[in-house]
1. In nm, to one decimal, how far is the residue A:105 label point from the residue A:83 one, both placed 7 Å along Cα→Cβ?
2. Among A:66, B:59, rank each residue by its count of other Cβ atoms within 10 Å, from fewest to most, as a rough exposure measure.
3. Ranking A:116, B:66, A:109 by Cβ neighbours within 10 Å, fewest first, what do you get?
4. What is the extension gain from residue B:30 to residue B:68, computed as 0.36 nm multiplied by their sequence separation minus the C-alpha to C-alpha distance, in nm to one decimal?
5. Using alpha carbons only, what's the Rg to Rh ratio of segment B:6-83 with Rh from Kirkwood?
6. Using the number of other C-beta atoms within 10 angstrom as an exposure proxy, rank B:12, A:108 with the fewest first.
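Every number in this text was worked out from the coordinates using simple rules, so none of it is lab data. Small disclaimer: the values here were computed from a predicted structure and weren't measured. Note: ideal-geometry Cβ built from the backbone for every residue, glycine included; neighbour counts use all protein chains shown.
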């Protein structure tokens, strides 16, 4: 029997940690420390995942099929072979997209209500 | 490049490695080395940027992280063990332990019945018979409905331990059962230690402990 793909909208909203990890992996596979650095960069240092939060979230995302481990190494000479690399699955990619769309629509509402002042005025919203 | 003094680096890593024991064993086996590797990278970069102050701030963050995530992993492990019941990880099939505790709850309810019947002037032996019958009927129904072994065995263990042993062992069983109300509770405690030993099944022990205390309390009524 063919496996029915889960509806990603039913899994929303995502936790901030999960969404940031999906975003970090959106442009390619990465290992744990790389993901952590990417998340800190994305949030200008406002969100710093600890090892427990990072691997706890990764564990759940692996179980739920949002991400998967990758066997490929960018360059075995340069890389520590003990590191594990992760990449998005199809479900993970769809999930990142629908969550981003959900957040974008929330921002539109905030703009319409002039909660995002300058941006709203410069875009002529509201 | 400024590197961390070796003693401070190895001490930090050793402390972090030691801290990982607060996570569930299965999680630790899978992710412990990765977390340690991550901590090592973090510690190295933090030292390069902020020296001792940076390291102190890192430790504050890490302690908060361990405190919150270890608890979450234990809850997650508990849920998974209830849903999947991984037989191979137990010394005995997990259903035995669970049914032992379920039957202990029935036993506690039966003891309450026994006490209430005694107070209304009924025979203590009749009350004990009601207790045994209720326990075995409930265990049989559980075993048939759930099609899992262990319910009857669990019920028998608690019955034998807390009711039949004193009946067979003590001359004046009726008064012994009345005057030594803690026997069932103690037996449940011993059983829960047996179930929980070396298996990280701390929650089974916790549930059994609550049941044992409840039973001892009820017996004193």
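1. 3.8
2. On the way: A:66 27, B:59 15.
In increasing order of surrounding Cβ atoms, one gets B:59, A:66.
3. Numbers: A:116 17, B:66 20, A:109 10.
In order of increasing Cβ crowding within 10 Å: A:109, A:116, B:66.
4. Working: separation 38, 0.36 × 38 = 13.68 nm, distance 1.87 nm.
My answer for the length gained is 11.8 nm.
5. Values: Rg = 14.0 Å, Rh = 13.3 Å.
Checking Rg against Rh, the ratio lands at 1.05.
6. Details: B:12 21, A:108 15.
Fewest-to-most ranking of B:12, A:108: A:108, B:12.
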